[in-house]
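**Student:** Starting off with a structure, shown below.
Computed from the coordinates by the stated procedures, all read-outs in this text should not be read as laboratory data. Treat the numbers as computed from the prediction; the structure is a model and nothing was measured. We place every Cβ from the backbone using ideal geometry, glycine too, and count neighbours over all the protein chains shown.
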Amino acid sequence: MLEAFVTKWGHEPVSFADGGSAMMAFRMKDAPLVAILDWMMPGLDGIEICRRLREVQKNTYILLLTSRDDSASLVQGLEAGANDYITKPFKKEELRVRLQVGVRYAQMQIALNQRLQELENLVRENQELKNKLLM
């Protein structure tokens with residue numbers, strides 16, 4: 001059902017059968033930039049994926065989806081590295097707009113990384129020119 005909604009909203013979801021498979025996907029070069037993780041999954045759960053993912057990369061926007069609606073669980077999920085938290089049963093429109101926030105975040109991260117690379121290239125070129133002038 002979730003996959004159908006995400007597709008209807010114009011996204012290309014990728015589903016995984018268990019937490020271990022999802023974690024492997026996040027280690028790939030073309031890893032998803034936005035993730036909706038269920039707290040309860042076979043193998044690694046959503047909380048453990050959040051923790052491990054934050055150790056290897058920090059850019060993926062993680063929306064943790066769970067039936068746990070208590071404050072302690074929300075705090076635990078966000079402390080583990082989730083960017084957002086939504087409880088089940090979820091409201092379709094709420095999930096849609098939270099997913100949009102994640103996409104905006106991912107797009108800003110991409111733009112920021114590109115600008116950073118451009119600046120690093122300019123600094124390197126500037127240093128090379130400086131070295132040539134000093135020779």
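**Student:** Hey, what do the phi angles of segment 84-96 turn into as Karplus ³J(HN,Hα) couplings, whole Hz, using 6.51/-1.76/1.60 and θ = phi - 60°, x for Gly and Pro?
**Tutor:** 8, 8, 9, 9, 9, x, 7, 8, 3, 5, 5, 5, 4
**Student:** Give me the dipole magnitude in Debye, nearest 20, for segment 34-135 about the Cα centre, with unit charges on the beta carbon: positive for Lys and Arg, negative for Asp and Glu. If you can, show how the numbers build up before the last one.
**Tutor:** Working: 15 positive and 14 negative charges, 53 e Å.
For this selection, approximately 260 debye.
**Student:** While we're looking at this one, here's another question. Could you tell me which residue out of Y61, H11, G46 lies farthest along the dipole of segment 6-65 toward its positive end? Charges go on the beta carbon: Lys and Arg +1, Asp and Glu -1, centred on the Cα centre.
**Tutor:** Y61
**Student:** While we're looking at this one, here's another question. Taking Cα pairs under 8 Å and at least six residues apart, what relative contact order does segment 2-106 come out at, in percent?
**Tutor:** 25 percent
**Student:** Oh, and also: Choose one answer from G77, G46, G20: the residue with the largest mean-square fluctuation in a GNM of the chain with alpha-carbon springs under 10 Å.
**Tutor:** G20
**Student:** Considering only DSSP beta bridges with both partners in the chain, what is the antiparallel share in %, to the nearest 5?
**Tutor:** Taking every DSSP beta bridge with both residues in the chain, the antiparallel ones total about 0 percent.
**Student:** For Y61, what residues show an amide H to amide H distance below 5 Å, using hydrogens built from the backbone and excluding near sequence neighbours?
**Tutor:** Residues meeting the criterion, in which the H sits 1.01 Å from N, are V34, A35.
**Student:** Could you state the number of Å between the C-alpha centres of segment 24-52 and segment 58-121?
**Tutor:** Centre-to-centre distance over Cα atoms comes out at 12 Å.
**Student:** Between D38, D30, D84, where does the largest GNM mean-square fluctuation fall for the chain, given springs only between Cα atoms within less than 10 Å?
**Tutor:** D30
**Student:** Quick check on segment 2-106: take the gyration tensor over C-alpha atoms, sort the square-rooted eigenvalues as a ≥ b ≥ c, and tell me if it's rounded (a/c under 1.5), prolate or oblate.
**Tutor:** It is rounded, given that a/c, with a ≥ b ≥ c, falls under 1.5.
**Student:** Name the residue, out of Q114, Q100, Q76, whose mean-square fluctuation peaks in a Gaussian network model built on the chain with Cα pairs under 10 Å.
**Tutor:** With Cα springs under 10 Å in the chain, the top fluctuation among Q114, Q100, Q76 is at Q114.
**Student:** Name the lysines eligible as straight-distance cross-link partners of K91: C-alpha to C-alpha under 28 Å, and not fewer than 8 places from it in the same chain.
**Tutor:** Partners found: K8, K58.
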